[in-house]
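The values are calculated or read from the model by the stated rules, or taken from the named source; none is laboratory data. The shown structure was predicted, so the numbers you read here are calculated from the model rather than taken from an experiment. Ideal geometry is used to build each Cβ from the backbone, glycine not excepted, and the neighbour counts take in all protein chains shown.
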Amino acid sequence: MKKGKKRPEKIKAVVFDVGGVLALNSSSYFSAHKHQRTKGVHDFMAEKLKIPFDQWIDSIDTPYSLAIEGKLSEKAVLKSISQRNNVSEGKLRRLLLKAYRKNFKKNKGLYRFAFKLKKQGYQIAILSDQWRISEKAVMPKRYTKKFSPVIVSCDVGIRKPGRKIYRLLLKKLGIPSKNCVFIDNQIWNIKPAKALGFKTILFKNNEQTFRQLSKLGIKLK
């Protein structure tokens, strides 16, 4: 290494988002509050309930936002949405689980890559914004049990892009941000992580992510 050239920081942990990264979806839209929603899920729900798409979105907007931060229980959310759409809570729950499972597909290649990294000695972790229904559908325990920590917004009461959740992640990892890579598919979630010193990758697809990890010195043996 040339004199004066800074040695790159050694990466010790790779942190993955779930929706749009470990669980791939085909389409999304953005509410007035810039919260990403999976369009396929909500198209499915509006169609199954035989109501206009906008009616469905209006009915979930406030309870959904509160549920993401764990401020409403699953039961309270279902009660609120079911009353607004004249559907039983049980049917609503079944349809929502089906909608998420139908519209999100496990990113098998990225999971395999993560597990190989773990065998090579890297920490692998999850940082994801979910509410109870989507958490059950897209990140069941059998998928996530090899990751540590697994931080989900509805479990900890805070969400991205607030810096508090990234600081909680660092506390649980027990290492400095300069030794961590954070992978997310939304630029507004990347920015605070970068500001806190994380190495970051804006996820587009597996191949692009593997190339960027390789540039950071993370390669499979």
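A quick yes/no check of all residues on (1) without any contact (Cβ under 8 Å) to a residue 24 or more places away in the chain; (2) surrounded by fewer than 20 Cβ atoms within 10 Å (Cβ to Cβ); (3) in the same structural domain as GLY174 (by TED's automatic domain parsing); (4) not β-branched (Val, Ile, Thr):
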{"residue": "LYS50", "(1), (2), (3), (4)": "yes, yes, no, yes"}
{"residue": "PHE53", "(1), (2), (3), (4)": "yes, yes, no, yes"}
{"residue": "TRP56", "(1), (2), (3), (4)": "no, no, no, yes"}
{"residue": "SER65", "(1), (2), (3), (4)": "no, yes, no, yes"}
{"residue": "LEU72", "(1), (2), (3), (4)": "yes, no, no, yes"}
{"residue": "TYR100", "(1), (2), (3), (4)": "no, no, no, yes"}
{"residue": "ARG112", "(1), (2), (3), (4)": "yes, yes, yes, yes"}
{"residue": "TRP131", "(1), (2), (3), (4)": "no, no, yes, yes"}
{"residue": "LYS136", "(1), (2), (3), (4)": "no, yes, yes, yes"}
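Where strands (runs of 3 or more DSSP E) fall wholly inside segment 146-217, the ranges with 2 or more residues that are farther than 25 Å from SER65 by Cα and not assigned by TED's automatic domain parsing to the domain that holds SER73 are 180-184, 199-202. Among the residues of segment 76-121, those that are assigned to a helix (DSSP H, G or I), of a type in the set (Ser, Thr, Tyr) and over 18 Å from the mean Cα position of the chain (by Cα) comprise SER80, SER82.
Within segment 58-69, can one find any residue that is in contact with a Phe, Trp or Tyr (Cβ under 8 Å, 6 or more places away or on another chain), within 27 Å of TRP188 (Cα to Cα) and modelled with pLDDT under 95? Full working, then the answer.
Going residue by residue through segment 58-69, those that are in contact with a Phe, Trp or Tyr (Cβ under 8 Å, 6 or more places away or on another chain) are 64, 67-68.
Keeping just the survivors that are within 27 Å of TRP188 (Cα to Cα) gives 64, 67-68.
Subsequent filtering for residues that are modelled with pLDDT under 95 retains 64.
So far as segment 58-69 goes, yes, one or more of its residues are in contact with a Phe, Trp or Tyr (Cβ under 8 Å, 6 or more places away or on another chain), within 27 Å of TRP188 (Cα to Cα) and modelled with pLDDT under 95.
The number of residues in segment 201-221 that are closer than 19 Å to ILE187 by Cα and small (Gly, Ala, Ser) comes to 0.
Each row is one residue, and each column tells you yes or no for (1) in contact with a Ser or Thr (Cβ under 9 Å, 6 or more places away or on another chain); (2) in contact (Cβ under 8 Å) with a residue 12 or more places away in the chain.
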position: ILE183; (1), (2): yes, yes
position: GLN186; (1), (2): no, yes
position: ALA195; (1), (2): no, yes
position: ASN205; (1), (2): no, no
position: LYS215; (1), (2): no, no
position: LYS219; (1), (2): no, no
